[in-house]
Amino acid sequence: MALAKAAIHCLAGVPYAAPGHLDDSMATRDPSSERSALVLVVHDDADAREMLGLGLESNGFCVAQAGSAFDALAVASKTPPDVTILDIGLPDSDGCALCRRLRQGRATKRTPIIGITSDVSSDDTRRAFAAGCDEVLDKACPPSDLVEAIYRHLREFRIGGPGATPSADVA
């Protein structure tokens with residue numbers, strides 16, 4: 001089964017890479033820099049995924065994109081993201097199910113996950129938190145809210161907040 005396009009872009013000099021073609025070039029990311037953190041954007045709508053990706057790239061983040069839970073797991077297994085932005089309403093696998101799978105993965109179990117949904121007052125929000133999302137935002141939130149949430153979770157992750165620091169995961 002062929003993987004759908006899942007791209008990794010980075011304004012910090014890391015070229016496009018498709019699943020199965022990821023290599024040590026991703027090591028050029030500076031893991032101590034929030035600005036070059038790898039953000040995995042998982043959304044089934046290609047236009048929404050691209051808009052999120054472009055917005056994050058313009059803020060200095062490296063961006064991996066996946067259009068399905070299957071592609072997201074493939075990307076995350078090759079190059080674990082620093083933060084995952086996850087559409088709760090994925091059609092191929094509920095976003096909450098994907099969140100639980102990411103929480104079970106050795107390399108992704110402590111990665112901050114920010115769920116996005118079109119109705120934060122719905123049952124989706126409760127289910128997202130129960131599945132392991134660290135935060136849930138409305139899809140219509142201002143881009144600055146998403147960027148701020150990413151920074152906040154990166155800082156918490158790197159200082160040993162809700163998750164562990166990257167160096168602690170390696171040991």
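The values are calculated or read from the model by the stated rules, or taken from the named source; none is laboratory data. Quantities reported herein were computed from a predicted structural model and do not represent experimental measurements. Cβ placement follows ideal geometry from the backbone for every residue including glycine, while neighbour counts extend to all protein chains displayed.
Quick notes
- Pairs meeting the criteria (first residue in the range 141-154 and in contact (Cβ under 8 Å) with a residue 60 or more places away in the chain and under 12 Å from Phe61 (Cα atoms), second residue among the polar types (S, T, N, Q) and surrounded by 13 or more Cβ atoms within 10 Å (Cβ to Cβ), beta carbons under 6 Å, at least 6 apart or on different chains) are Val147/Asn59.
- Test for Thr84: is it within 10 Å of the chain's Cα centre (by Cα) and assigned to a loop (DSSP other than H, G, I, E, B): no
Here is a yes/no grid of residues against (1) more than 25 Å from Arg158 (Cβ to Cβ); (2) part of a loop (DSSP other than H, G, I, E, B):
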site	(1), (2)
Ala48	yes, no
Leu73	no, no
Ala76	no, no
Asp92	yes, yes
Arg103	no, no
Ala107	no, yes
Gly115	no, no
Cys141	no, yes
Val147	no, no
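- Scanning the range 52-71 for residues that are under 21 Å from Arg158 (Cα atoms) and in a loop (DSSP other than H, G, I, E, B) returns Asn59, Gly60, Phe61.
- Among residues of the range 120-140, those that are surrounded by fewer than 14 Cβ atoms within 10 Å (Cβ to Cβ) and either within 19 Å of Ser77 (Cβ to Cβ) or touching a strand residue (DSSP E or B) at 6+ places or on another chain (Cβ under 8 Å) (or both), counted: 0
- Those residues of the range 62-72 which are of a type outside the set (S, T, N, Q) and either surrounded by fewer than 19 Cβ atoms within 10 Å (Cβ to Cβ) or more than 11 Å from the chain's Cα centre (by Cα) (or both), in sequence order: Gly67, Ala69, Phe70, Asp71
- Any hit, the range 84-91, residues being exposed (fewer than 14 other Cβ atoms within 10 Å of the Cβ) and modelled with pLDDT under 90: yes
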